[in-house]
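Q: Take a look at the following structure, please.
The values are calculated or read from the model by the stated rules, or taken from the named source; none is laboratory data. It should be emphasised that the depicted structure is a prediction, and the values quoted were computed from it without experimental measurement. Here the Cβ positions follow ideal geometry from the backbone for every residue, glycine too, while neighbour counts run over all protein chains shown.
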Amino acid sequence: MAVVAVSAGILFVWSGIKGWSILGTLGDLITGTKPNQENAYPLYKADNTPDGIGGGPSTRSAGDLDTSSLAATALQYDGHPYKFGGAPGANAQNPWDCSSMVNWVVAVAHGKAIPGYAPGKYTGSTHGPPTGTWGVWPGLQRVTREEVQAGDIIVWVGHMGIAISNTHYMSALNPKTTTKVRPIDGGGSGPLMIYGRLK
């Protein structure tokens, strides 16, 4: 029983670090195949359906945007290139993924603490803490869906981003879609871990 529990924990952590869906990771582990595009990048969608979970242009109206400082910074990076596991660099000059985008905006651009790093200690030279770490970090105060506001951090099992309003969030999605605004509802990958506000 202990081996099963440890194996499940490793699967959960590995999927969170990689940003893959748990079922996709499990299926690929059983079959011994390399993860396909849709499993490796759960927000990837081959077609260009607007406002979908993957491809297509961002859709938002100016009335939706409440530009708190974190949200305003995140919005400056609309279209920023995506690279899974990417380290953004000191000036966000390099491609990033969903968690390294949040790491950079919160810690480098705003000098705040992030999981495992005191304020001012994360420089962007590495990827930094993965999505799953944010989901259990005590530096986020849990808020309800109704309370979400610009600047809140939204963490799903396989994805995360920064709310720019009560209805939309900014995130690095995949190599094709890059960093874009998406609807919060239906916009994540896997179960929701937390709607959180920096303490």
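Q: Looking at (1) touching a Gly at 6+ places or on another chain (Cβ under 6 Å); (2) assigned to a loop (DSSP other than H, G, I, E, B); (3) modelled with pLDDT of 95 or more, which is the one condition that is false for G190?
A: (3)
Q: All but one of (1) more than 19 Å from Q76 (Cα to Cα); (2) free of Cβ contacts under 8 Å to residues at least 12 places away in the same chain hold for V157, so report the exception by its number.
A: Tallying (1) more than 19 Å from Q76 (Cα to Cα); (2) free of Cβ contacts under 8 Å to residues at least 12 places away in the same chain, V157 fails exactly one: (2).
Q: While we're looking at this one, here's another question. Kindly list, by first and then second residue, each pair from a residue in the range 87-112 that is polar (S, T, N, Q) to a residue that is part of a helix (DSSP H, G or I) and buried (at least 24 other Cβ atoms within 10 Å of the Cβ), limited to pairs with Cβ atoms under 6 Å and residues at least 6 apart or on different chains.
A: Listed pairs, sorted by first residue: S99/T131.
Q: Any idea which of (1) modelled with pLDDT of 95 or more; (2) in contact with a Gly (Cβ under 6 Å, 6 or more places away or on another chain); (3) part of a helix (DSSP H, G or I) is the one S99 doesn't satisfy?
A: S99 satisfies all of (1) modelled with pLDDT of 95 or more; (2) in contact with a Gly (Cβ under 6 Å, 6 or more places away or on another chain); (3) part of a helix (DSSP H, G or I) except (2).
Q: What number of residues in the range 88-99 are buried (at least 19 other Cβ atoms within 10 Å of the Cβ) and either under 11 Å from T123 (Cα atoms) or acidic (D, E) (or both)?
A: Number of matching residues: 3.
Q: Sticking with this one: Check off (1) more than 21 Å from Y77 (Cα to Cα); (2) assigned to a strand (DSSP E or B) for P119 and give me the number that stays unchecked.
A: The number of the failed condition is (2).
Q: Does G132 satisfy the condition of being assigned to a helix (DSSP H, G or I), at pLDDT below 95 and under 14 Å from the mean Cα position of the chain (by Cα)?
A: For G132, the condition - assigned to a helix (DSSP H, G or I), at pLDDT below 95 and under 14 Å from the mean Cα position of the chain (by Cα) - is met.
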